[in-house]
Amino acid sequence: MKVGILTSGGDTPGMNTVIRAILIHGKLLGYEFFGFKGGWKGLMDGETLSLPDDPDDLLNLGGTILKSGRVNPYKDPEGINKIKSTIQNFELDSIIAIGGEDTLGVANKLTQEGIRIVGIPKTIDNDLDETDYTFGFNTAVTIATDALDKVKTTAKSHDRVIVVELMGRHAGWLTLYSGIAGGAHVILIPEYPLPFNTVVELIKKRYESGKEWGIIAVSEGYGFTEEHEEHFIKDEFGHIRMEKINIGQKIADELKNELNVPTRAITLGHIQRGGPPSAYDRVLCTRLGLAAINLLKDGEFGKMPALKGTKIIPVDLADAVANLKTVDEEHWNTALQIMGIK
């Protein structure tokens, strides 16, 4: 079997770990692999990058050796024909697409075009449905929690309120988990946007009790409205660059004006998805990579391996991308209680 591999969307810790598992298991079965550069664009253009004969060094290597991109082949009138041509030219039997909602959405459509694809779910946002966790999420939560731990000391030292802006366009999983783990006093996510006057009251109570400092964790998509979309250029999947909204700085400025307290804003940005994957993600990535090869071997195309409880099971790509997995009420109640609201 000849198999094409691509990584698409935002780079995520663990992509290389998945590739390692694919290569180890696949080569034992006699499969031949081709790595396509920069996601779907590489598959459209037939541009490849060499894959290592010895993949051991990929286990803890961050980023992706295959590069990544946000090209949507359905935005190119000849995109699908180009992909089919590449598949024919390389005599590929199947494709493994490693990516998040947008990547696997394309993979699902290509499956309906008759292309044999297996997906692997990745995103630090943890917003893909039909899987308990996506790889990269645990690493990003660990990084963000470490950042919150560190800004606490400077907030205490200078009697400041520090607002930490985290990734999360429509889903607040990363902010919720790291906010709870990092002891944030206010947690702001897109799904359950606390009104600003509640934020003011929470910080005001801290100051009145003699605790003249605070930490606020906010998702970049908190307070996002349709009017924002009108003022920014979108990528090929219809997404704007959320950092342009600068919600963390806006909250810090408004809080300073409202309470006359010193504030600072920090945007973690790409730090959240950089560096080596956590131990948890290394194990998860390994299991997903091995499971993807098993799906190919069994001819189960149009599917992805998913984590359900402690088991890795196959699920349909169509189900995985049908709905965005957002923070549920039970998780949000945990945040409300820890903030002292409920």
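No value in this document is a laboratory result; all are computed from the given coordinates. All values derive from a computational prediction rather than experimental measurement. Methodologically, a virtual Cβ is constructed for each residue, glycine included, from the backbone with ideal geometry; neighbour enumeration extends over all protein chains shown.
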Most fluctuating residue given options Asn89, Asn246, Asn323, as computed from a GNM of the chain linking Cα atoms under 10 Å: Asn89
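Given the convex hull over the Cα atoms of the chain, what projected area results after averaging over all orientations, in nm²? All intermediate terms of the calculation are to be shown ahead of the outcome.
Numbers: hull surface 69.6 nm².
The Cα convex hull of the chain, projected and averaged over all directions, gives 17.4 nm².
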Net charge of Cβ neighbours under 15 Å - reference Glu300; Lys, Arg +1; Asp, Glu -1: -2
Residue of Gly182, Gly100, Gly114 that the Gaussian network model of the chain assigns the largest fluctuation, springs spanning Cα pairs under 10 Å: Gly114
Considering only the chain, percent of DSSP beta bridges that pair antiparallel, nearest 5: 25
Least to most buried among Thr48, Thr310 (fewest other Cβ within 10 Å first): Thr310, Thr48
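Please arrange Met44, Met339 by how many other C-beta atoms lie within 10 Å of their C-beta, fewest to most.
Going from sparsest to densest Cβ surroundings: Met339, Met44.
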Between segment 275-324 and segment 146-224, the alpha-carbon center distance in angstrom: 33
Degrees between helix 196-208 axis and first principal axis of the chain (Cα, 0 to 90, nearest 10): 50
For the chain, calculated [θ]222 nm from helices alone, where every DSSP H run of n ≥ 4 adds -39500 (n - 2.57): -12500 deg cm²/dmol
Of Lys37/Lys250; Lys67/Lys297; Lys75/Lys122; Lys250/Lys342, those spanning more than 29 Å from alpha-carbon to alpha-carbon: Lys37/Lys250
On Cα atoms only, tilt of 15-28 relative to the major axis of the chain in degrees: 30
Cleavage-rule hits (GluC sites (Glu not before Pro)) in segment 24-102: DSSP loop, at most 12 neighbouring Cβ within 10 angstrom: Glu78, Glu91
Sorted by Cβ density within 10 Å, fewest first, the residues Ile117, Ile124, Ile313: Ile313, Ile117, Ile124
Nearest-ten-degree value, helix 279-297 long axis tilted from longest Cα axis of the chain: 30
